[in-house]
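These notes are about the structure you will find just below.
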Amino acid sequence: MLIASTMLHELIHGTDAGWLLLIQDSCSCSGRRLLWSFIKAAIRDEVVHVLSFESSEDEMKEGLKDLPFERVHFHDGHSDPLGWTRGDTAFTVDRFCSEEITCLVKQSSQLRPAILVIDSLSWILRHHSTPAVCQTLQQLKRGGALRNIVALLHSDLHQLGTAASLCHLATSVITVAAGPNGNEAKITKRLKSGKVLQDEDIFTIKEDLTVIRQSKPSNAVQVQDQETDPTANLTFNLRLSEAERDAKEKLPLPFVFSHQKKEALLNPGAGRGRITYEPDANDDYDQEDPDDDLDV
């Protein structure tokens with residue numbers, strides 16, 4: 001048994017996880033326990049705020065197993081998500097905006113930015129448009145109250161454009177799916193330089209929420225840290241050999257005059273032929289109307 005793969009291990013333990021980490025799951029494979037693994041790893045060093053719409057606080061605490069909850073702040077969006085019964089005591093879905101979330105985070109006494117966990121964005125997207133959700137996440141990024149955001153998204157509940165927009169916004173995406181030998185994770189991480197790293201792993205999650213790497217899929221995508229060569233599969237050659245390059249450099253350009261050609265044009269020699277035209281009496285040429293001979 002091995003611990004999580006390098007990239008997955010770095011993401012779970014907050015090593016260069018980026019601003020927004022998105023866990024994509026589906027009805028065939030839930031990503032909630034993986035989300036809890038992130039919370040467990042973050043509690044050790046960070047203050048964590050949890051916006052929970054799909055799980056109650058008791059269910060979250062039961063899943064997190066006797067962790068030091070002094071560093072976790074639960075915001076109840078599960079018991080009354082639309083604000084029908086409890087009024088201002090619950091975190092209703094219409095309060096999902098940068099001002100409300102920043103206010104909640106700053107209410108807790110802390111000296112450095114916190115981590116926000118959202119369970120899940122799919123519930124929020126049922127009541128807010130995709131552009132509005134993306135705008136709120138961007139505003140939270142600029143606000144400075146949060147270190148990063150970890151969010152769950154049920155990709156099979158949304159149109160492809162919605163999921164693609166959020167994945168494009170995220171700095172890291174973990175897509176989980178059920179496989180024959182365990183849960184499979186496809187990881188995409190965007191670096192600040194613009195490069196995209198990808199990896200795949202088969203993993204399991206122990207009772208204490210420790211993520212264990214089982215193996216790597218046989219068709220796993222290796223980490224792509226080099227740019228793709230766009231000329232690799234062309235049917236013609238865009239590169240020159242040494243001989244072709246030498247011949248190209250020796251070829252005179254049509255708009256560049258040699259010394260001999262310049263001398264011939266500037267100093268014409270004697271005895272060269274010249275063409276002159278003298279009109280005779282039969283030439284009917286009218287200076288006033290050059291087109292007089294035309295039948296127009």
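The values are calculated or read from the model by the stated rules, or taken from the named source; none is laboratory data. The structure displayed is predicted, hence computed values, not measured ones. Cβ: placed from backbone, ideal geometry, glycine included. Neighbour counts: every protein chain shown.
Okay, residues lined up against (1) at positive phi; (2) of a type in the set (Asp, Glu); (3) crowded, with 19+ Cβ neighbours inside 10 Å; (4) assigned to a loop (DSSP other than H, G, I, E, B):
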position: 45; (1), (2), (3), (4): no, yes, no, yes
position: 55; (1), (2), (3), (4): no, no, yes, yes
position: 59; (1), (2), (3), (4): no, yes, no, no
position: 70; (1), (2), (3), (4): no, yes, no, no
position: 80; (1), (2), (3), (4): no, yes, no, yes
State whether one or more residues within region 86-99 are touching a strand residue (DSSP E or B) at 6+ places or on another chain (Cβ under 7 Å), under 26 Å from residue 143 (Cα atoms) and buried (at least 16 other Cβ atoms within 10 Å of the Cβ).
yes
Restricting attention to region 4-13, does a residue exist that is among the hydrophobic types (A, V, I, L, M, F, W, C), closer than 26 Å to residue 208 by Cα and modelled with pLDDT of 90 or more?
no
If you scan region 153-166, which residues turn out to be under 27 Å from residue 210 (Cα atoms) and surrounded by fewer than 17 Cβ atoms within 10 Å (Cβ to Cβ)?
156
Considering each residue of region 59-100, count those that are among the small types (Gly, Ala, Ser) and under 30 Å from the mean Cα position of the chain (by Cα), and give that number.
2
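Out of 51, 64, report the one residue that is within 29 Å of residue 162 (Cα to Cα) and not basic (Lys, Arg).
Just a single option satisfies the conditions, and that option is 51.
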Right, residue 49: touching a Phe, Trp or Tyr at 6+ places or on another chain (Cβ under 7 Å), touching a residue at least 24 places away in the same chain (Cβ under 8 Å) and surrounded by 18 or more Cβ atoms within 10 Å (Cβ to Cβ) or not?
no
Unmet criterion (only one of (1) more than 20 Å from the chain's Cα centre (by Cα); (2) surrounded by 14 or more Cβ atoms within 10 Å (Cβ to Cβ); (3) not in a helix (DSSP H, G or I)) for residue 111:
(2)
Determine if region 109-121 includes at least one residue that is out of contact with any Phe, Trp or Tyr (no Cβ under 9 Å at 6 or more places or on another chain), more than 30 Å from residue 214 (Cβ to Cβ), free of Cβ contacts under 8 Å to residues at least 12 places away in the same chain and polar (S, T, N, Q).
yes
Search region 172-193 for residues being outside any strand (DSSP E or B) and without any contact (Cβ under 8 Å) to a residue 24 or more places away in the chain, and hand back the single one that is farthest from residue 24 (Cα to Cα).
193
When region 123-145 is examined, which residues are found to be in contact (Cβ under 8 Å) with a residue 60 or more places away in the chain and either more than 18 Å from the chain's Cα centre (by Cα) or closer than 26 Å to residue 33 by Cβ (or both)?
123, 124, 137
Quick test of your reading of the structure: residue 178 fulfils all but one of (1) surrounded by 21 or more Cβ atoms within 10 Å (Cβ to Cβ); (2) modelled with pLDDT under 90; (3) not hydroxyl-bearing (Ser, Thr, Tyr). Name the failing condition by number.
(1)
